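This report concerns only the one structure given below.
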Amino acid sequence: MSMRAVVVDSAGQISVAERPDPVLPGPDGAIVEVTASGICGSDLHFLEGHYPIVDPVALGHEAVGIVVEIGSEVAGFAAGDRVLVSSVAGCGRCPGCATHDPIRCVSGPQIFGSGALGGAQADLLAVPAADFQLLALPDGIDTDQALLLTDNLATGWAAAKRADIPIGGTVAVIGLGAVGMCALQSAFALGAATIFAVDPVEARRARAAARGAVPVSPPSGQPVREFTDGLGADSVIDAVGTDASINDALDTVRTGGTVSIVGVHDLQPYPLPVLACLIRSLTIRLTTAPVQQTWPELIPLLQDGRLDVSGIFTTTMPLDAAAAGYAAAMSRSGEHLKIRLQP
Ligand SMILES: [Zn+2]
Ligand SMILES: [Zn+2]
């Protein structure tokens, strides 16, 4: 049997390819029939040639679906269960995974859709250590919220939690894609009073302004200092992860403040101005979301309406239209913020 999978080949071309059906990845694994998947900003690195591609890569790490096959050692799930899948996978058995942060897995965490594990933009996804990676779809959580819980909301939430946001403080969020919008809503939930929403695209700034943020065109340093009596922002969240956005973040944060970076950089080193950061006593944090660890915090906030992530998914396309979906994502327009692919 074969299935469809979105694949990027060595030339950076996107196609929907026939692939053999995945097999159970061991007795602790499961096969999930994907009912919806998201295109993530980090997927674009493969297509835009920032990472070397040796073999074609099956893309996608955000999946919601139905369990169709289950290994004999899986305790918490059965065929037919509706689930979401953490974008980051751990072994589920080690002291690192015991913290519910797959990044700490002592065997090394893996991310779906980046080579070793299968891609979520497909009909079927093989999930190792299913008891650790899967979550039964919680009551009152819709498909878009569930997809955001696999990655972007966990990332935005972690970015905000690690930004040392003072209650009543000022925050700048650089980059108003899906992660940036999740970070913005998280920062408000964590007590920020004023949030500067920084993006070159007017429609993206307008979307953030509609959520109560102050829209700012990059570079953000000078306008944010003007708003803050010359101080700069208490906390800056960088949801872009380029040299330019990090420079902007360092210029926008106040002396003694925190820069929290979750945008995914390319493979090149970044020339950190160490002396200036030292003299200004900056805290700089870089974070991959501890996805499973965020669920007990985020799910009640979503269920009770304390965290509003509506409107982040702007576009739904069939899986077969993945090439058009990626073209829309790469346009980074105001219209297409987050794209959902439907097998
Ligand atoms: Zn991602
Ligand atoms: Zn582990």
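The values are calculated or read from the model by the stated rules, or taken from the named source; none is laboratory data. Bear in mind that the values here come from a model prediction, so they are computed numbers and not experimental data. Note: ideal-geometry Cβ built from the backbone for every residue, glycine included; neighbour counts use all protein chains shown.
Worth pointing out:
- Residue check: R280 meets all listed conditions (1) in contact with a strand residue (DSSP E or B) (Cβ under 9 Å, 6 or more places away or on another chain); (2) not assigned by TED's automatic domain parsing to the domain that holds G191 but one, namely (2).
- Count of the range 242-268 residues which are in a loop (DSSP other than H, G, I, E, B) and surrounded by fewer than 23 Cβ atoms within 10 Å (Cβ to Cβ): 6
- The range 84-99, subset surrounded by 18 or more Cβ atoms within 10 Å (Cβ to Cβ) and of a type outside the set (G, A, S), residue nearest to ligand 1 (Cβ to nearest atom): V88
- Qualifying residue in the range 168-182 (condition: in a loop (DSSP other than H, G, I, E, B) and either in contact with a helix residue (DSSP H, G or I) (Cβ under 6 Å, 6 or more places away or on another chain) or free of Cβ contacts under 8 Å to residues at least 24 places away in the same chain (or both)): yes
- The residue list A116, A78, A120 contains one member that is under 19 Å from S42 (Cα atoms) and surrounded by fewer than 20 Cβ atoms within 10 Å (Cβ to Cβ), which is A116.
- Any hit, the range 194-213, residues being more than 29 Å from L149 (Cβ to Cβ) and either buried (at least 17 other Cβ atoms within 10 Å of the Cβ) or in the same structural domain as P273 (by TED's automatic domain parsing) (or both): yes
- Among residues of the range 20-45, those that are modelled with pLDDT under 95 and surrounded by fewer than 21 Cβ atoms within 10 Å (Cβ to Cβ), counted: 2
- Residues of the range 111-133 satisfying the condition of being within 10 Å of ligand 2 (Cβ to nearest atom) and either more than 14 Å from T150 (Cβ to Cβ) or hydroxyl-bearing (S, T, Y) (or both): A129
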